[in-house]
1. Quickly run through the range 140-156 and pick out the residues that are loosely packed, with under 13 Cβ neighbours inside 10 Å and farther than 18 Å from GLY93 by Cα.
2. Against the condition more than 19 Å from TRP25 (Cβ to Cβ) and modelled with pLDDT of 95 or more, how does GLY93 come out, does it pass?
3. Can you work out which of the residues in the range 157-180 that are of a type in the set (Gly, Ala, Ser) and touching a strand residue (DSSP E or B) at 6+ places or on another chain (Cβ under 6 Å) is nearest to ASP92 (Cα to Cα)?
4. Just to be sure I understand, how many residues within the range 36-47 are more than 19 Å from GLY162 (Cβ to Cβ) and either in a strand (DSSP E or B) or modelled with pLDDT under 95 (or both)?
5. Among what's in the range 48-65 and is among the hydrophobic types (A, V, I, L, M, F, W, C) and part of a strand (DSSP E or B), pick the residue that is farthest from VAL100 (Cα to Cα).
6. Taking the residues in the range 165-176 that are within 17 Å of the chain's Cα centre (by Cα) and of a type in the set (A, V, I, L, M) as candidates, determine which candidate is modelled with the lowest pLDDT.
7. Quick check on the range 67-75. Is at least one of its residues surrounded by 13 or more Cβ atoms within 10 Å (Cβ to Cβ), of a type in the set (S, T, N, Q), assigned to a helix (DSSP H, G or I) and touching a residue at least 12 places away in the same chain (Cβ under 8 Å)?
8. Of all residues being part of a strand (DSSP E or B) and surrounded by 13 or more Cβ atoms within 10 Å (Cβ to Cβ) in the range 6-35, which is modelled with the lowest pLDDT? Just the residue, please.
Amino acid sequence: MADVGVRPARGEDAEDLARIQAAVWTCVHRGGLPAEVLAAAGSPDAVAQWRAAAGHPPSPRHHVLTATAGDRVVGFAALTPAGDPDTLPALDGELIALHVDPQVQGAGHGSRLVNAVADVARDDGMHHLHAWLADAEVALRKFLVASGWDYDGATRELDLTGDGQLLVGQARLRTALAEP
């Protein structure tokens, strides 16, 4: 078995992050999102955005963590302070991405990432984590609920293109961060 773990992402991981996100989005959203939106997840622009997020986060409370198997990046999670009006950014965090390469799902990488995110969030003084999930993210929703997350009643329609033409229904999950 390969050596597995979680570490902070580095700028040089950006191509892997974009590749994994594109693979996950294609598996989850094929048929529900236009091909150009799916393709954008693995584009050079996406690589540049992940390079900036990993190499130059906007604050000390923004984190990108990678799951690794040997030298290979096989998944990642991104954590930010929560930004919804009904949350407290000083105490609440938002899991904005949790993606594991579809070829290695079920090997424990998602669990390691969720646990690492919780540890980092606690270290940052956060008490709760939130995650917005699209209706199509059935497997991720089941995984998070099995990990102690639950619906908090909030829903929204995310406007992916900014023009009201591509709306994605989402529901918010929440978990309390107990002391380790």
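1. LYS142, ALA146
2. Details: more than 19 Å from TRP25 (Cβ to Cβ): yes; modelled with pLDDT of 95 or more: yes.
Yes: the conditions hold for GLY93.
3. The residue in question is ALA176.
4. From the range 36-47, those more than 19 Å from GLY162 (Cβ to Cβ) are 42, 44, 47; that's our starting set.
Now narrow it down to the ones that are either in a strand (DSSP E or B) or modelled with pLDDT under 95 (or both): 42.
Final tally of qualifying residues: 1.
5. Filtering first and then ranking leaves VAL64.
6. VAL168
7. Looking through the range 67-75, none of the residues is surrounded by 13 or more Cβ atoms within 10 Å (Cβ to Cβ), of a type in the set (S, T, N, Q), assigned to a helix (DSSP H, G or I) and touching a residue at least 12 places away in the same chain (Cβ under 8 Å).
8. So the first thing to find is which residues in the range 6-35 are part of a strand (DSSP E or B), and the list is 6-8, 30, 33.
Then drop every residue that is not surrounded by 13 or more Cβ atoms within 10 Å (Cβ to Cβ), which leaves 6, 8, 33.
Working: VAL6: 97, PRO8: 97, LEU33: 88.
Filtering the range 6-35 for residues that are part of a strand (DSSP E or B) and surrounded by 13 or more Cβ atoms within 10 Å (Cβ to Cβ), the one modelled with the lowest pLDDT comes out as LEU33.
The values are calculated or read from the model by the stated rules, or taken from the named source; none is laboratory data. Just so we're clear, the structure is a prediction, and the values are computed from it rather than from any experiment. Here the Cβ is made from the backbone with ideal geometry for all residues, glycine too, and neighbour counts use every protein chain on show.
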